[in-house]
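Read-outs throughout are calculated quantities, based only on the coordinates presented, and are distinct from any laboratory measurement. Every value quoted in this text rests on a predicted model; they were computed, and no experiment measured them. Neighbour counts are summed over all protein chains in view; Cβ atoms, including those assigned to glycine, are modelled from backbone coordinates with ideal geometry.
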Amino acid sequence: MKASKASATALPNLKKNSRRAQILGNWELYLFMLPAVLYFLIFHYAPMYGIQIAFKNFVPSKGILGSPWVGFDHFERFFNSYYFWDLIWNTFSISFYELALGFPLPIILALAFNEVRNGKFKKTVQTVTYAPHFISIVVMAGMIITFLSPSSGIIIMLINALGFEAPQFLTDPAWFKTMYVLSGVWQSTGWGTIIYLAALSGVDPQQHEAAIMDGASRFKRMLHINLPTILPTITIMLILNMGNILGVGYEKILLLQNSLNLESSDVISTYVYRAGLVDAQYSFSTAVGLFNSVINVILLVAVNWIARRTSENSLW
Amino acid sequence: MAKAIANPIRESKGDKIFLGFTYAYLCVALVVVLYPLIYILSASISNPTAVNTGEMWLFPKEITFAGYELVFNNPAIWNGYLNTIIYTVLGTALNLAVTLPAAYALSRSDFVGRGWFMGFILLTMFFNGGLVPTYLVVKNLGLVNTMGALILPVAASVWNIVVARTFFQSTIPKELQEAAHIDGCTNLRLFWKIVLPLSAPIIAVMALFYGVGHWNSYFSSLIYLNSESKYPLQMVLRQILVLQEMSAETTGAAMNADTAALMSSKAETASLIKYGVIVVSTLPIIAVYPFLQRYFVQGVMIGSVKG
């Protein structure tokens, strides 16, 4: 890119020719791109075109273009519905709960891994803590339901054995979010360390040597050398997480949801699924989904802007 | 390296305490993660009564393989397993066929328009049509209740294209491509005969990432499939592990003694099959994963280079 820019200022004519030669000479590369371009056009851009049904009363027999325009009716209906604030609250509270626990834990674990000598112990802990990442959502939900079953769940029995009365985790709305977040932490903390461990491998050993000479303790070195080194990675991960704040794991929520805990387990995306595909309110559900996407994009841009103003690191 | 630094100076008392805490923390993490896994393995070969009463809490009690017999004699599980294998193999093959050529093209600095193509792909990461419009596209293509609905809408992932592109950029030397071109080698031949053979690690990483995704996915089948004979394993698991169990838990409160007794004998069979099916469905991945861990970790790390 840089080279072509340099030549462009010198010889605009030659550049044009060489550009054409480059396109023709590399025509196969466009062929290489073709499947991917088709894929994104059909399964990502065509649905974006379909978003307009959020402003229409979509009737399948009339098609997208033939359906009558209703403007912001569906949005108004959603904003005025009695469950609107419940959905917003559940979505945000689950996300922030998850972020508050699930974001720092992999960082702490990675810092701990980094302090320990490379050996069998470290390798074992890493292998074991990475493993739950590969458990499917369905099996995960099955495990949660099994372990928390009031009649035979092992966690319930452990709590009872300690002399406490175990709550009805599966059906009590008050416990849904904790159950969701803690199981997520169990499943993804280990895997989440990899990206930080990669960043930690970039720590300059000379800094540690110098710090040791100055009598800095291990803890101080971790705090003042290791942590600042991975700060850019932490920032980027935080931005990415914030941008996904409304994209809570609805696939798992859907499996753990039941009529009794619905008041605290229903989030925007599970609602979109129920309204859209179970009740076939296509237009209304698309409007709710669009609302969700727009908030997401706004959040991502906002967090990125803040990150760029306050630190050197941002996505763009 | 770390040893060479640490040895000349003796660890201070504070450092020792700090290290002690670190090891303790890691031990706790190990136990917390490992315990549920061991429990499930043990429960799958224990007497269900011992499991349900809490007698079995770590090591198997009254070993029986009845659970596995039930699993292996269940035609729905077999059928789901077979379907999952088909979907995973075909889906992953398609993923590689779409991802690798595109990633290679995007890695070439002499590919005119690559910035534009990158933008075209990256945009979909931040904004998408949403559930219903995507569903309508799949439906209009006539893919509902076919295998196509499970593999075509996920034929490529932006993240994986970026990871593969970063790999090609950093490992395929530019000189190699220039030399090949001077010798009159076409891009197609270059990609097929030189680039791909040099890229075994990234092909492995991509196949693993995509493969695990197909193996574990249930949501596409939930929304696009309606005949049970086409259900993948995860949908069968959903019925066994989630739907039955949930209904038992939520209706459990309002039952008389007779139905409760009947339910409990049913529950025994259910719990027998439950643990076995978790092991059987998850084992293929968990068992091969420690050997492939290197590749998985590599994949995440390549991705992190470009953030």
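Computed about its Cα centre, the charge dipole of the protein assembly as shown is approximately 2240 debye, with only Lys, Arg, Asp and Glu carrying charge at their Cβ.
Per 0.36 nm of contour for each residue apart, how much would the distance between residue A:263 and residue A:231 grow if the chain were fully extended, relative to their Cα-Cα spacing? Full-extension gain reported as 7.7 nm.
Note on the range A:75-310: Cα convex hull, mean projected area over all directions, 16.9 nm². Using the Cβ-Cβ distance between residue B:139 and residue B:38 with R0 set to 56 Å, the FRET efficiency works out to roughly 0.80. Spatially close Lys pairs in chain A, defined by Cα atoms under 27 Å apart and a spacing of eight or more places or different chains, total 8. Ignoring the sites themselves, chain B has its longest run without trypsin sites (Lys or Arg not before Pro) in a DSSP loop having at most 12 other Cβ atoms within 10 Å at B:11-305.
Only helices at least 30 Å long along their axis, Cα-based, and averaging -1.0 or more on Kyte-Doolittle count here, so list those DSSP H runs from chain B. Walk me through the intermediate numbers first.
Working: long enough: B:13-44 (46 Å, 1.42); B:75-107 (47 Å, 0.99); B:257-305 (62 Å, 0.95).
Span-like helices, by this rule, are B:13-44, B:75-107, B:257-305.
Here the Karplus relation 6.51 cos²θ - 1.76 cosθ + 1.60, evaluated at θ = phi - 60°, turns the backbone of the range A:223-240 into coupling constants of 6, 9, 10, 5, 4, x, 5, 8, 4, x, 4, 4, 4, 4, 5, 5, 4, 4 Hz, with x for every Gly and Pro.
Just to be sure I understand: if I project the alpha-carbon convex hull of the range B:13-64 onto a plane and average over all orientations, what area do I get in nm²? Before the final figure, lay out the partial values.
Values: hull surface 16.4 nm².
For the range B:13-64, the mean projected area of the Cα convex hull comes to 4.1 nm².
All Cα-Cα distances of chain B, cut into 10 Å bins from zero to the largest, leave 5, 18, 23, 22, 18, 11, 4, 1, 0 percent in each bin in turn.
Please say if the range A:202-250 is rounded, prolate or oblate, where rounded means a/c under 1.5 for a ≥ b ≥ c the square roots of the C-alpha gyration tensor eigenvalues, and otherwise the choice is prolate for a/b larger than b/c and oblate otherwise? Cα axes put the range A:202-250 in the prolate bin. When the alpha carbon gyration tensor of the protein assembly as shown is reduced to an equivalent ellipsoid, the three semi-axes, largest first, read 41, 35, 25 Å.
The modelled label-to-label distance for the pair residue B:189/residue B:78, using points 7 Å beyond Cα in the direction of Cβ, is 5.1 nm. Please give the residues of the range B:48-84, grouped as numeric ranges, whose backbone N is less than 16 Å from a label point set 7 Å along the Cα-to-Cβ vector of residue B:269. From the range B:48-84, the list is B:48-49, B:66-77.
Remark: C-alpha extents of the range B:138-209 on the principal axes read 49, 24, 16 Å, sorted largest to smallest. Dividing the summed -39500 (n - 2.57) terms of all DSSP H runs of n ≥ 4 by the residue count of chain A sets its mean residue ellipticity at 222 nm at -21500 deg cm²/dmol. One equal scatterer on each Cα of the range B:118-178, no solvent, Debye formula: the resulting log10 I(q)/I(0) at q = 0.14, 0.18, 0.20, 0.23 Å⁻¹ is -0.58, -0.78, -0.86, -0.99. So if we plug the beta-carbon distance of residue A:42 and residue A:62 into 1/(1 + (r/R0)^6) with R0 = 25 Å, what FRET efficiency do we get, rounded to 0.05? According to the calculation, E is roughly 0.70. Under 5 Å from the amide H of residue A:56 lie the amide H atoms of A:70, each residue being 5 or more positions distant or on a separate chain, with H modelled from the backbone and absent for Pro and chain starts.
So if I place +1 on the C-beta of Lys and Arg and -1 on the C-beta of Asp and Glu, and nothing else carries charge, what would the dipole magnitude of chain A be about its Cα centre? I want it in debye, nearest 20.
Working: 21 positive and 16 negative charges, 292 e Å.
So the dipole magnitude of chain A works out to roughly 1400 debye.
For chain B, what does the helix formula give at 222 nm: sum of -39500 (n - 2.57) over DSSP H segments with n ≥ 4, over the residue count, nearest 500 deg cm²/dmol? Walk me through the numbers on the way to the answer.
Working: 15 runs with 218 residues, N = 307.
Using -39500 (n - 2.57) per qualifying helix, the result is -23000 deg cm²/dmol.
Remark: relative contact order (chain B) = 29 percent; criterion is Cα-Cα distance under 8 angstrom and separation of 6 or more residues.
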